[in-house]
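Worksheet for the structure shown next.
What follows is calculated from the coordinates using simple rules that are stated; it is not laboratory data. Just so it is clear, the model here is predicted, and its values are computed rather than measured. All Cβ positions, even for glycine, are placed from backbone atoms using ideal geometry, and neighbour counts span all protein chains on display.
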C-alpha cells in the first residue's frame, strides 16, 4: 500500500497525508507494552460498539503502531485479524515525539520520594539544575524535581528500552509505598508542580523515532507511557464493523468495501483547539458523518 492510489481514502491535510486503510494485524508492530486491565476494559467497549470507531495511527514505512496499541490488542482478543489504520509518514517533522513525565503526589514531599528511590538501591545525586539532554544517557536514568531541589537518578542500563524498564520499576515501587503517580505531558507536569497540585515530578528519557522503529521491528516493546506522539491531524469515526475485521477474506477485498463505505459519507473538519463530543482536541480531526 505504498502508493497513494492504493489507499481506500486519503485526506490531504495541510501538513501531512492521512491514508486510511485496513491492514492485517500480523503486519503491524507494537512499540509499547499492553496493560491487561486497560485491554480488558477496551475489548468490552469495542465488543459493545460492534465496530472500531477510530483507526490506529501507523508509520507507513515500517508499519510500527504509533498510537493505538491497546486497540490492536483488543481486536486480536475479539478474534479479529485485521485493523482499521491511518498511515502517516513518521519522518514528517509535523509528527512530533514527546514523553510522559510522572507526576508524584502524597506520602510526604520530595524528601520522601528521594528516600524511597534510594531505598530501591538507586544512587541519587543533588544538582543545581537538570540538563534534560543527559536524561537517558547512562548512567543518568531519570531526574526528580520539586520547586526547591533537583536530583538525578543513576542506574546501569544498556539502552533506552532497558532504561524504561527500570523507570517502570521505580513507578511500581513508589505506588507500593502509597505515592500517587500519574502520567502528564512535560508542560502539564511542571505546571502542576508550580501550582502545588503535585509534590514532585519524575523526568523521563526522551526517545527518538529511529530508536522506536528499531526496537519495535526487533520484536521488543517499551514500557507503558514511554512515548507521546503528536500528529497534527487524525480521522475519527470510520466505524468499521467487527465483521469486516474477522474471517479469511482477502485484505484487498475488505479495503474495497471500506472505500465504498467511506465514499458515501461526509467529512467534517474540526480544527485544532476545538471541542468534539465533549473533548478538546489539540490536533485537527476529520470526522466521518452520515
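Counted residue by residue at 0.36 nm each, then reduced by the alpha carbon distance between them, the extension gain from residue 264 to residue 176 reaches 26.4 nm.
Taking the average, over residues, of other Cβ atoms within 10 Å as the packing measure, peptides 120-128, 17-25 rank 17-25, 120-128 from highest down.
Helix content alone sets the calculated 222 nm mean residue ellipticity of the chain: runs of n ≥ 4 DSSP H residues at -39500 (n - 2.57) each, divided across all residues, give -8500 deg cm²/dmol.
Label-to-label distance, residue 14 versus residue 271, with points set 7 angstrom from Cα along the beta-carbon direction: 0.8 nm.
Taking a ≥ b ≥ c as the square roots of the Cα gyration tensor eigenvalues, region 181-279 comes out oblate, since a/c reaches at least 1.5 and a/b does not exceed b/c. Annotation for residue 121 and residue 25: the two label points, set 7 Å from Cα along the Cα-Cβ direction, are 3.8 nm apart. Express the C-alpha Rg of region 100-206 as a ratio against the empirical globular expectation 2.2 N^0.38 Å, rounded to two decimals. That ratio works out to 0.95.
Spherically averaged projected area of the convex hull of Cα atoms, the chain: 15.9 nm². Placing dummy labels 7 Å off each Cα toward the beta-carbon, the span from residue 154 to residue 129 is 2.2 nm. Potential lengthening of the chain between residue 40 and residue 217 amounts to 61.2 nm, from the contour at 0.36 nm per residue minus the alpha-carbon distance. Length available on full extension from residue 6 to residue 257: 0.36 nm per residue minus the Cα-Cα distance, which gives 89.0 nm.
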